[in-house]
Amino acid sequence: MEEVKKKQAVSLSEVKEILGKVDPEEMDQIQRWTYDYVSKFVTIDPKEAKEMKKQLMKECELTEEESVEIVNIRPTSLAELRSFTFGWKKLILAETLEKMLNILKGHS
């Protein structure tokens with residue numbers, strides 16, 4: 001078993017990119033299931049996902065994990081966005097929520 005060299009939150013698009021470089025014959029069962037899932041459901045380019053994640057972290061002061069959650073789900077309305085950020089147990093101003101939506105819309 002390989003040792004963990006680095007732990008980092010990555011979007012589903014990035015997972016697809018990473019697993020896409022692995023020979024399917026060398027994947028274990030969980031990797032194959034994961035790759036099958038992301039291949040079917042991920043529609044955004046990994047570069048776009050990385051850029052959105054960076055923008056959300058920098059401009060909206062989100063953690064990497066929070067940014068990944070938003071990139072994976074890509075909410076399209078304030079109500080939908082609030083339903084996800086509510087669980088974070090921190091106050092996010094309406095103007096920050098608007099900025100988050102604008103970042104997502106700018107990359108769709």
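Just so you know, all these numbers are worked out from the coordinates, no wet-lab data involved. Bear in mind that the values here come from a model prediction, so they are computed numbers and not experimental data. When we count neighbours, we look across all protein chains shown, and the Cβ atoms used for this are built from the backbone with ideal geometry, even at glycine.
About the Cα centre of region 46-106, how large is the charge dipole given +1 on each Lys and Arg Cβ and -1 on each Asp and Glu Cβ? Please answer in debye to the nearest 20. That gives a dipole near 80 debye.
Set Lys and Arg Cβ to +1 and Asp and Glu Cβ to -1, take the dipole of the chain about its Cα centre, and tell me which of Cys60, Gln31, Val10 lies farthest positive. Final value for the positive-end residue is Cys60. Along the chain, the longest continuous region that contains none of the trypsin sites (Lys or Arg not before Pro) in a DSSP loop with at most 15 other C-beta atoms within 10 Å is 22-88.
Dipole orientation for the chain: of the candidates Leu19, Leu81, Ala49, Leu81 has the Cα lying most toward the positive pole (charges on Cβ; Lys, Arg +1; Asp, Glu -1). Each other residue within a Cβ distance under 15 Å of Ile70 adds +1 if Lys or Arg and -1 if Asp or Glu, for a net charge of -2. Dipole magnitude for region 26-79: computed about the Cα centre from +1 point charges on Lys and Arg Cβ and -1 point charges on Asp and Glu Cβ, it is near 200 debye. The alpha carbon centroids of region 47-63 and region 71-89 are separated by 15 Å.
Count Lys and Arg as plus one, Asp and Glu as minus one, and take only other residues whose Cβ is under 15 Å from that of Glu14; the net charge is then +2.
Give me the net charge for the shell around Pro46: Cβ to Cβ below 15 angstrom, other residues only, Lys and Arg +1, Asp and Glu -1. Here the charged neighbours net out to +2. Which entries of Lys54/Lys90; Lys50/Lys99; Lys16/Lys54; Lys40/Lys90; Lys7/Lys105 show an alpha-carbon separation above 26 angstrom in the structure shown? Check vs 26 Å cut-off fails for Lys40/Lys90; Lys7/Lys105.
Listed values (i) 21, 17, 12; (ii) 31, 18, 11; (iii) 29, 15, 12 include one computed from this model; for semi-axes √(5λ) of the Cα gyration tensor in Å that value carries the label (iii).
Around the Cα centre of region 1-106, unit charges on the Cβ atoms of Lys, Arg, Asp and Glu (plus for the first two, minus for the last two) sum to a dipole of about 360 debye.
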